[in-house]
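Just below is one structure, and these are the notes that go with it.
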Amino acid sequence: MRGSGERLAPGGTGPRDARDGEARTAPASRRFPRVTRDTARPQGGGRAASGHAPAPVRQWPLLSVLGGTAVGLAVVAADFARVGILIVGLALLAGAVMRWSLPSVGMLAVRSRFTDVVIYGVLGAVILLLALMAQPDPWLDLPWLEDLVHFTVR
C-alpha cells in the first residue's frame, strides 16, 4: 500500500524498498485488486471525432440528444405540451440508435452498449407512449389499458 511508507521506484516500475533502495515488482495476478483506483471507460466511450477537433465536435452525439431534449422542453414551455414531449421521447430514441450503431459516441456512453441502448430505448418509448395517451383527447387509445387500470385501482 502506498500510504504505509512505500514509495514508487524511479520510473514508476514498482514500490521501492525503504531499506536498500531497490525496486520490487509485484507478481502478476489474475485476481481483481481489493482497492480500485480508476474506472474503465465504457465500450464505445472514445471520442466521436479526432482529438484535434474542438470539444463540441468530439461530443456531437451527446450534444444532439441534449439539444433535442432542450428543443422539446422549449416547445413544452411554448404551451404545446404533447408535441414537446414527443420531441423529448424522439431525442432519447435517437440516442439509443446512435449508441447502438456508432462505434464511438463520446460521453453518450455511460454503461455498457447493451445497457445504454435498453435504457435510452425504454425511456424514449415510454415517454412517447405517455405523450400519445395524454388526456384530453388522446392520440392513441389502448382499450386493454382501461381494463388494467380498472382492475388495479378500483
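Figures for the structure shown
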{"item": "Meets criteria (buried (at least 16 other Cβ atoms within 10 Å of the Cβ) and among the basic types (Lys, Arg)) for Arg99", "result": "yes"}
{"item": "Single residue of Val83, Val88 found to be β-branched (Val, Ile, Thr) and in contact (Cβ under 8 Å) with a residue 12 or more places away in the chain", "result": "Val88"}
{"item": "Test: residue in the stretch 135-153 that is surrounded by 16 or more Cβ atoms within 10 Å (Cβ to Cβ) and out of contact with any Cys (no Cβ under 9 Å at 6 or more places or on another chain)", "result": "no"}
{"item": "Test result for Pro136, of a type outside the set (Phe, Trp, Tyr) and not in a loop (DSSP other than H, G, I, E, B)", "result": "no"}
{"item": "Number of the exception - Val75 against (1) among the hydrophobic types (A, V, I, L, M, F, W, C); (2) modelled with pLDDT of 65 or more; (3) part of a loop (DSSP other than H, G, I, E, B)", "result": "(3)"}
{"item": "Qualifying residue in the stretch 104-116 (condition: basic (Lys, Arg) and assigned to a loop (DSSP other than H, G, I, E, B))", "result": "yes"}
{"item": "Residue list for the stretch 139-154, filter: assigned to a loop (DSSP other than H, G, I, E, B) and within 33 Å of the chain's Cα centre (by Cα)", "result": "Trp139, Leu140, Asp141, Leu142"}
{"item": "Some residue of the stretch 29-39 being at pLDDT 90 or above, of a type in the set (S, T, N, Q) and exposed (fewer than 10 other Cβ atoms within 10 Å of the Cβ)", "result": "no"}
{"item": "Members of the stretch 77-89 found to be surrounded by fewer than 18 Cβ atoms within 10 Å (Cβ to Cβ) and of a type outside the set (Asp, Glu), listed by number", "result": "Ala77, Ala78, Phe80, Ala81, Arg82, Val83"}
{"item": "Failed item in (1) outside any loop (DSSP other than H, G, I, E, B); (2) farther than 19 Å from Ala91 by Cβ, with Ile119 passing the rest", "result": "(2)"}
{"item": "Complete set of residues in the stretch 78-103 that are part of a helix (DSSP H, G or I) and within 19 Å of Pro138 (Cβ to Cβ)", "result": "Ala81, Arg82, Val83, Gly84, Ile85, Leu86, Ile87, Val88, Gly89, Leu90"}
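The values are calculated or read from the model by the stated rules, or taken from the named source; none is laboratory data. This structure is a prediction, so every number in the text was calculated from the model and none was measured. Positions of Cβ are generated from backbone atoms using ideal geometry, with glycine treated the same way; all protein chains shown enter the neighbour counts.
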